[in-house]
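Written out below as structure tokens is the structure these notes cover.
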Amino acid sequence: MKKFILGLVICCSIGFGASVVYADEAVSEVNSGMDMTLGEIENVLMAYLKEQGLDYSLHSKELSDYLYDQLTSSSDQELTKLDEYDNILAYAAEYIYLETLPEEDGKISTIEESSDMTLADVKEIVDEENLESAQTASEQKNSVPRISPRGLWSNNHVSNYARTFGTRPNPAYNNYDGRGGDCTNFASQALRAGGAKDGITGYPVYIDWSSKRTSQGLKDSAAWINADAFRQYWQVKGRSVRRYSNRNDVNKNAQLGDILNYANKKTGRSWHNAVVTDKLNGNIYISQHSTNRTNWNWNSISLSLNDNYVYIIRAI
């Protein structure tokens with residue numbers, strides 16, 4: 001199996017201004033406990049919640065919100081004391097990934113179906129998807145109709161949309177709050193406001209990014225609402241997708257209108273998107289759903305970069 005190697009810079013340049021870059025230092029102990037299955041981790045988590053008097057069931061809004069808060073800010077400090085805590089975070093990322101996949105051919109992917117998968121299995125899948133996306137982008141040099149040059153029009157429209165609807169969802173779109181989270185749906189809406197067009201990647205990686213009216217209502221594709229598929233789509237389309245492990249580097253390199261995509265370090269699975277809506281004195285501000293925020297100082301959000309990568313996605 002082809003694998004990414006931590007500590008090396010892997011750069012696939014795809015024309016002017018478009019690249020996929022992984023530039024991270026080696027992370028100690030990221031791969032410990034990788035033989036634990038999702039089902040085993042879930043048992044530890046649910047037993048803990050029961051002990052705390054928290055009656056959260058799978059697929060409930062309460063559990064989704066709890067896992068998002070834990071991934072973003074380690075809000076339950078008692079949970080962090082468990083020996084399996086790093087694995088619980090990896091489970092949480094995979095849970096959110098599966099919860100936000102849309103129904104396909106009448107079938108919905110669930111965490112129960114993946115209970116026998118180990119974290120090593122998940123990482124292998126994600127690594128292969130990342131490699132395939134990078135190779136496909138390099139070979140095909142796909143492109144989405146791009147606003148050229150990238151300037152204040154597109155940046156401001158992305159930012160203005162995200163500021164407007166950061167804390168009050170746009171009723172013209174679906175809302176996935178309580179169904180795994182609405183963050184990627186919101187980021188997709190902001191990019192559309194900035195001029196990004198619906199699109200689909202070509203052979204061999206077919207990824208659809210769209211939100212379309214149908215006779216049954218609004219239909220959103222996986223890449224429109226799922227953080228991992230969203231990142232894969234823009235990688236395959238040859239947009240600038242750069243990965244960081246340092247907060248200062250994120251503040252330095254992110255620009256107005258960029259998307260911040262968070263990915264669990266153990267498995268590589270992306271689980272959240274936020275929109276950069278301002279930059280002042282070298283510090284970025286973000287707007288997002290799940291949890292809803294409007295133009296918050298990103299440094300005030302206690303996201304652990306020991307547990308997560310941050311991708312900066314420059315889609316338009």
Residue in segment 300-314 that is nearest to Asp258 (Cα to Cα), counting only those that are of a type in the set (Gly, Ala, Ser) and at pLDDT 95 or above: Ser300
Among the numbered conditions (1) in contact with a helix residue (DSSP H, G or I) (Cβ under 8 Å, 6 or more places away or on another chain); (2) at pLDDT 95 or above, tell me where Gly178 comes up short. (2)
Could you list all residues from segment 67-84 that are open to solvent by less than 70 Å² (accessible area, probe 1.4 Å), over 15 Å from Tyr95 (Cβ atoms) and not in a loop (DSSP other than H, G, I, E, B)? Ser73, Thr80
Subset of segment 276-294 [in contact with an Asp or Glu (Cβ under 9 Å, 6 or more places away or on another chain), over 30 Å from Gly33 (Cα atoms) and either open to solvent by 10 Å² or more (accessible area, probe 1.4 Å) or of a type in the set (A, V, I, L, M, F, W, C) (or both)]: Val276, Ile284, Tyr285, Ile286, Asn292
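Residue-by-condition table, conditions (1) crowded, with 23+ Cβ neighbours inside 10 Å; (2) among the hydrophobic types (A, V, I, L, M, F, W, C); (3) under 22 Å from Asp307 (Cα atoms):
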position	(1), (2), (3)
Phe230	yes, yes, yes
Tyr233	yes, no, no
Val236	yes, yes, no
Ser240	no, no, no
Arg247	no, no, yes
Asn251	no, no, yes
Leu256	no, yes, no
Ile259	yes, yes, yes
Taking Tyr91, is it open to solvent by 10 Å² or more (accessible area, probe 1.4 Å) and over 17 Å from Ala229 (Cα atoms)? no
Go over the candidates Asn273, Asn297, Asn226 one by one and state the one that is under 20 Å from Ala162 (Cβ atoms) and either at pLDDT below 95 or surrounded by fewer than 24 Cβ atoms within 10 Å (Cβ to Cβ) (or both). Asn297
Checked segment 34-64 for anything surrounded by 15 or more Cβ atoms within 10 Å (Cβ to Cβ), under 24 Å from the mean Cα position of the chain (by Cα) and in contact (Cβ under 8 Å) with a residue 40 or more places away in the chain; matches are Met34, Met36, Thr37, Leu38, Gly39, Ile41, Glu42, Leu45, His59, Ser64
Do the conditions hold for Tyr85, that is, is it of a type in the set (Phe, Trp, Tyr), at pLDDT 95 or above, under 24 Å from Ser221 (Cβ atoms) and out of contact with any Lys or Arg (no Cβ under 6 Å at 6 or more places or on another chain)? no
Can you name the number of the only condition in (1) modelled with pLDDT of 95 or more; (2) assigned to a strand (DSSP E or B) that Cys12 fails? (1)
As an exercise: evaluate Lys266 against (1) open to solvent by less than 50 Å² (accessible area, probe 1.4 Å); (2) in contact with a strand residue (DSSP E or B) (Cβ under 9 Å, 6 or more places away or on another chain) and give the number of the one condition it does not meet. (2)
Output the residues belonging to segment 241-271 that are in contact with a helix residue (DSSP H, G or I) (Cβ under 9 Å, 6 or more places away or on another chain), not in a loop (DSSP other than H, G, I, E, B) and not aromatic (Phe, Trp, Tyr). Val241, Arg242, Arg247, Val250, Asn251, Ile259, Leu260, Asn261, Ala263, Asn264, Ser270
Pairs with Cβ under 6 Å, 6+ apart, first in segment 227-240 and at negative phi and outside any strand (DSSP E or B), second open to solvent by 10 Å² or more (accessible area, probe 1.4 Å) and of a type in the set (Phe, Trp, Tyr): Asp228/Tyr97
Residue in segment 205-223 that is nearest to Ile312 (Cα to Cα), counting only those that are open to solvent by less than 60 Å² (accessible area, probe 1.4 Å) and not in a strand (DSSP E or B): Ala223
I need a count of the residues in segment 143-162 that are open to solvent by less than 90 Å² (accessible area, probe 1.4 Å) and modelled with pLDDT of 55 or more. 10
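The values are calculated or read from the model by the stated rules, or taken from the named source; none is laboratory data. Keep in mind it's a predicted model, so treat the numbers as computed, not measured. Note that each Cβ is placed from the backbone with ideal geometry, even for glycine, and that neighbours are counted across all protein chains shown. Ligands, DNA and RNA are stripped out before the accessible areas are found, and what is left, the full protein with its side chains, is counted by its heavy atoms. Shrake-Rupley method; radii C 1.70, N 1.55, O 1.52, S 1.80 Å.
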